[in-house]
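The values are calculated or read from the model by the stated rules, or taken from the named source; none is laboratory data. Just so it is clear, the model here is predicted, and its values are computed rather than measured. Every residue, glycine among them, receives a Cβ derived from its backbone with ideal geometry; neighbour counts consider all protein chains shown. Just so you know, the surface numbers come from the protein's heavy atoms only, side chains and all, with ligands and any DNA or RNA stripped out. Shrake-Rupley method; radii C 1.70, N 1.55, O 1.52, S 1.80 Å.
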Amino acid sequence: MTDERPVLVATEADDLTADMVITELNRRNVLVTRFDPADIGASLTVSAQFGSCPAPVAGQLRTPSRTVDLARVRAVYWRRPVWPAFDHLGADDARFAAAQVRHGLGGTLYALAGPLWVNHPLHNAAADYKPAQLAVAQRLGLKVPPTLVTNDPEAARSFVSDNGQVLFKTLRWTPYQRDGVSVTGWADLVTAGEIDESVALAPHLFQAVVDKVADLRVLVVGREVFAVRIESGLLDWRKDYSALSYRVVHLPDRVERGLLAYLDHFGLVSGSFDLAVDKAGDLWWLELNPNGQWGWLEESTGLAMSAAFAELLTQGDAP
């Protein structure tokens with residue numbers, strides 16, 4: 001008998017990675033409802049009841065082409081949704097309306113206990129703090145480069161002097177422009193002489209450079225692990241995708257167990273890990289993106305990543 005429970009896919013309008021997963025779900029004849037919180041209003045409606053019905057949450061989510069019974073959702077793929085900004089409203093009204101959407105639409109979805117979440121947004125948020133990532137990785141036995149988070153300029157200078165080559169990394173990516181031009185926060189070398197008193201304004205992350213020969217991007221989907229070695233010669237391989245070459249590899253059992261345990265710690269079912277490979281072949285923890293990009297790796301390597309996501313979402317909340 002066909003399982004007619006839908007999968008919700010929450011993402012922005014232009015998301016090729018989500019398209020890949022939805023294509024795989026369609027091949028499995030799984031009902032899919034795609035939506036973006038930014039479409040709230042004429043293109044997206046939510047109605048939910050609490051306390052007046054047998055189920056803890058009862059209601060519907062409606063798009064122009066679908067009506068979803070929230071009690072029947074089997075899985076939610078929380079990809080890259082965009083929350084509305086209400087730019088046509090005044091500043092106070094826009095701030096008020098945006099908060100109501102996050103806590104009304106978002107809160108209703110977060111309250112659904114039945115579906116499998118890939119991943120639950122609140123779990124994503126908890127796992128997105130780099131200091132917590134570093135501490136958990138070390139507790140799980142993964143090798144972590146010496147790292148300092150500080151807003152003390154003198155402590156930062158001492159750390160750089162003591163550790164030779166040191167990178168500055170952003171603690172959190174945010175949209176950033178200078179003179180109207182978008183700026184990306186790459187991982188860049190920093191010297192003690194470059195550190196001035198402006199560091200005191202906010203915490204900064206400084207990390208000793210791993211003497212690496214390659215990088216690894218590791219995608220975990222459920223309990224399926226896809227590891228790709230990235231050859232670039234760059235400190236930050238994201239700077240130039242045209243300079244990259246790829247090779248599928250297998251992780252040491254100890255490292256694979258550590259990454260799976262890491263996801264379990266934060267209640268995640270998927271994540272994209274970045275590791276560095278040193279000259280001795282040891283793997284060093286760099287970071288986790290709970291919802292990282294992987295579509296280009298499937299295209300480059302042929303790994304069945306989108307199929308793994310589709311299979312996980314198809315299983316949904318099944319035991």
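Quick one: which of ARG28, ARG72, ARG95 is among the basic types (Lys, Arg), without any contact (Cβ under 8 Å) to a residue 60 or more places away in the chain and out of contact with any Leu (no Cβ under 7 Å at 6 or more places or on another chain)? Working first, answer last.
Working: ARG28 fails: without any contact (Cβ under 8 Å) to a residue 60 or more places away in the chain; ARG72 fails: without any contact (Cβ under 8 Å) to a residue 60 or more places away in the chain.
Residue meeting the stated conditions: ARG95.
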Could you say whether any residue in region 249-270 is under 21 Å from the mean Cα position of the chain (by Cα), among the β-branched types (Val, Ile, Thr) and under 20 Å from ALA125 (Cβ atoms)? yes
Would you check which residues across region 42-56 are under 27 Å from the mean Cα position of the chain (by Cα) and open to solvent by 20 Å² or more (accessible area, probe 1.4 Å) and list them? SER43, THR45, VAL46
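Quick check on this structure: which one of LEU244, LEU283, LEU303, LEU275 is more than 20 Å from LEU167 (Cα to Cα), modelled with pLDDT of 95 or more and not charged (D, E, K, R)? Even if it seems obvious, please write down each step before you answer.
On the way: LEU244 fails: modelled with pLDDT of 95 or more; LEU283 fails: more than 20 Å from LEU167 (Cα to Cα); LEU275 fails: more than 20 Å from LEU167 (Cα to Cα).
Answer to the selection: LEU303.
Within region 69-90, count every residue that is assigned to a loop (DSSP other than H, G, I, E, B), in contact with a Pro (Cβ under 9 Å, 6 or more places away or on another chain) and surrounded by 15 or more Cβ atoms within 10 Å (Cβ to Cβ). First the steps, then the outcome.
Of region 69-90, the ones assigned to a loop (DSSP other than H, G, I, E, B) are 73-74, 79-90.
Filter once more, so that each one left must be in contact with a Pro (Cβ under 9 Å, 6 or more places away or on another chain): 73-74, 81-84.
Next cut, surrounded by 15 or more Cβ atoms within 10 Å (Cβ to Cβ) only: 73-74, 81, 83-84.
Residues that pass the stated criteria total 5.
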Can you tell which of ARG74, ARG80, ARG95, ARG34 is basic (Lys, Arg) and farther than 18 Å from ASN119 by Cβ? ARG95
Of (1) closer than 16 Å to VAL249 by Cα; (2) buried (at least 18 other Cβ atoms within 10 Å of the Cβ), LEU312 fails just (1)
I'm trying to understand the selection: among the residues of region 4-27, which are open to solvent by less than 80 Å² (accessible area, probe 1.4 Å) and either charged (D, E, K, R) or in a strand (DSSP E or B) (or both)? ARG5, VAL7, LEU8, VAL9, ALA10, GLU12, ASP15, ASP19, GLU24
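If only one of ASP264, ASP282, ASP253, ASP274 is touching a residue at least 24 places away in the same chain (Cβ under 8 Å) and loosely packed, with under 15 Cβ neighbours inside 10 Å, which one is it? Steps first, answer last, please.
Numbers: ASP264 fails: touching a residue at least 24 places away in the same chain (Cβ under 8 Å); ASP253 fails: touching a residue at least 24 places away in the same chain (Cβ under 8 Å); ASP274 fails: loosely packed, with under 15 Cβ neighbours inside 10 Å.
So the residue among ASP264, ASP282, ASP253, ASP274 that is touching a residue at least 24 places away in the same chain (Cβ under 8 Å) and loosely packed, with under 15 Cβ neighbours inside 10 Å is ASP282.
Can we say ARG66 is modelled with pLDDT of 95 or more, of a type in the set (Lys, Arg) and either surrounded by fewer than 19 Cβ atoms within 10 Å (Cβ to Cβ) or more than 23 Å from THR174 (Cα to Cα) (or both)? Please lay out each step first, then the result.
Numbers: modelled with pLDDT of 95 or more: no; of a type in the set (Lys, Arg): yes; either surrounded by fewer than 19 Cβ atoms within 10 Å (Cβ to Cβ) or more than 23 Å from THR174 (Cα to Cα) (or both): yes.
So ARG66 does not fit the description; no.
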Out of region 91-111, which residues are touching a helix residue (DSSP H, G or I) at 6+ places or on another chain (Cβ under 7 Å) and either open to solvent by 30 Å² or more (accessible area, probe 1.4 Å) or not in a helix (DSSP H, G or I) (or both)? TYR110
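Residues in region 179-196: is at least one at pLDDT below 95, part of a helix (DSSP H, G or I), open to solvent by 60 Å² or more (accessible area, probe 1.4 Å) and not hydrophobic (A, V, I, L, M, F, W, C)?
Taking region 179-196 as the starting set, the residues that turn out to be at pLDDT below 95 are 179-196.
Still in the list and also part of a helix (DSSP H, G or I): 192-194.
Imposing the further condition that a residue be open to solvent by 60 Å² or more (accessible area, probe 1.4 Å) reduces the set to 193-194.
So of that shortlist, the ones also not hydrophobic (A, V, I, L, M, F, W, C) come out as 193-194.
Yes, region 179-196 has at least one match.
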Flag for LEU234 being open to solvent by 20 Å² or more (accessible area, probe 1.4 Å) and free of Cβ contacts under 8 Å to residues at least 24 places away in the same chain: yes
